[in-house]
Amino acid sequence: MSVTNRYCWALVCLLTLSAVADVQAQRVDYPNKPVQVIADSAAGSTPDVALRFVTDRLGQLWGQQVLVVNKPGAGGSLAAKAAADAEPDGYTLYQPVLSTFVSLHPAAANVPLHVPKDFLPIGFVTENPMFIAVSPTLGISTLPQLIELAGKQPGKLTYATTGVGRLTHLAGELLQHEAKIKLLLVPYTGGPSHAINDVTTGRVSMIIEGYSGIAGAAQSGSVKLIAVAAAKRLAQFPDLPTVAETIPGFRATGWAVMVAPLGTSEAIIKKVSADLYKATSEPELDKKLATLGSYTSPMSAAEATAFVHKQQQTWQPVLDEIAKQQQK
């Protein structure tokens with residue numbers, strides 16, 4: 001080997017070792033302090049509880065605290081602004097949910113979001129179907145009975161949701177449209193616990209919410225589960241009918257992804273994405289999520305981006321139809 005070739009080979013080796021060292025250093029250096037994840041969901045809601053299961057596991061993998069910071073309200077725009085304004089150093093991440101990407105009120109500040117234009121995608125967190133629960137004071141136990149009762153009393157029955165423009169609200173609007181009934185919206189911004197009290201006493205007729213937000217009331221009999229808006233019956237609730245069994249094709253499933261502020265380094269995005277994928281692939285986490293009526297689908301950053309785009313396309317015609325109905 002000539003001197004020139006030996007020099008070139010040595011240079012290549014040096015650069016390769018340097019690149020490997022850089023990657024290793026990045027792996028060691030992040031995270032080296034607590035990480036916070038901003039959530040646009042209320043504390044105690046299904047996306048919030050599910051996120052805490054996931055962040056607990058990430059904290060174990062990283063050997064650092066991963067703190068959830070709840071900023072509900074304004075259709076998700078408060079959380080979106082806080083996350084967008086955060087330092088893009090990897091120590092502030094963000095979990096937006098479906099209704100932050102699919103907004104019933106596009107004029108609201110900061111929403112709907114688009115990736116990767118507004119935030120850098122990291123991966124998929126969880127998915128959870130909406131449950132319909134009614135007050136025992138209604139004296140009904142099935143969805144067909146609810147539809148029949150609402151049909152006889154247009155605009156009289158009320159339904160609670162955790163905010164305006166959230167999936168709980170969108171699911172209620174979709175239910176009215178598909179069942180051809182009229183309900184009165186009663187939004188709550190303090191999380192499902194505030195709404196449940198009014199449903200159990202009969203001040204509000206029903207609630208649409210993820211399971212964790214109504215689990216205690218459902219188990220105690222304070223509210224009656226009558227349907228789940230999943231594609232098929234859930235293994236944890238084999239006797240609970242789906243909405244689709246009464247209204248064919250009906251599905252209202254919430255989901256959440258993890259993203260980072262623009263400007264966050266590619267190395268950190270890859271690190272968090274890989275660890276999130278690992279965490280959401282573990283059977284133990286699946287078991288915990290199942291207690292919420294939730295589940296996960298591990299996705300890469302690219303797969304999560306494609307998923308979000310497809311969901312936006314799926315829900316847009318629904319939003320357009322709802323808008324037409326509201327204008328009449």
Write out, first by first residue and then by second, each pair whose Cβ atoms fall under 8 Å of each other, whose residues are 6+ apart or on separate chains, and whose first residue, in the stretch 230-249, is closer than 18 Å to Leu292 by Cβ while the second is in a loop (DSSP other than H, G, I, E, B) and open to solvent by 40 Å² or more (accessible area, probe 1.4 Å). Ala230/Arg251; Ala231/Arg251; Arg233/Pro241; Gln236/Thr291; Leu240/Arg233; Thr242/Ala231; Thr242/Lys232; Thr242/Arg233
Residue count, the stretch 158-168, condition open to solvent by less than 10 Å² (accessible area, probe 1.4 Å) and either aliphatic (A, V, I, L, M) or modelled with pLDDT of 95 or more (or both), comes to 2
Please indicate, with yes or no, whether at least one residue in the stretch 206-217 is assigned to a loop (DSSP other than H, G, I, E, B) and either modelled with pLDDT under 95 or β-branched (Val, Ile, Thr) (or both). yes
What are the residues in the stretch 224-255 that are surrounded by 22 or more Cβ atoms within 10 Å (Cβ to Cβ) and in a helix (DSSP H, G or I), if any? Val243
Out of curiosity, is Gly221 closer than 21 Å to Thr291 by Cβ and buried (at least 23 other Cβ atoms within 10 Å of the Cβ)? no
Out of Ile269, Ile322, report the one residue that is assigned to a helix (DSSP H, G or I), modelled with pLDDT of 95 or more and of a type outside the set (Phe, Trp, Tyr). Ile269
Taking the stretch 247-266 and keeping only residues that are touching a strand residue (DSSP E or B) at 6+ places or on another chain (Cβ under 7 Å), at pLDDT 95 or above and more than 16 Å from Glu303 (Cα to Cα), one is left with Pro261, Leu262, Thr264
Pick from the stretch 169-192, criterion over 27 Å from Asn70 (Cβ atoms) and of a type in the set (D, E, K, R), ranking: least open to solvent (accessible area, probe 1.4 Å): Glu178
Condition broken by Lys180, with the remaining ones in (1) among the basic types (Lys, Arg); (2) over 29 Å from Gln312 (Cα atoms); (3) out of contact with any strand residue (DSSP E or B) (no Cβ under 8 Å at 6 or more places or on another chain) satisfied: (2)
Kindly provide the set of residues from the stretch 272-294 that are buried (at least 16 other Cβ atoms within 10 Å of the Cβ), within 24 Å of Ala235 (Cα to Cα) and modelled with pLDDT of 85 or more, ordered by number. Tyr277, Ala279, Thr280, Leu285, Lys288, Leu289, Ser294
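The values are calculated or read from the model by the stated rules, or taken from the named source; none is laboratory data. Just so it is clear, the structure is predicted and the values come from calculations on it, not from any experiment. Positions of Cβ are backbone-derived with ideal geometry, glycine not excepted, and every protein chain shown enters the neighbour counts. Areas reflect the complete protein model, heavy atoms only, side chains present, ligands, DNA and RNA absent. Shrake-Rupley method; radii C 1.70, N 1.55, O 1.52, S 1.80 Å.
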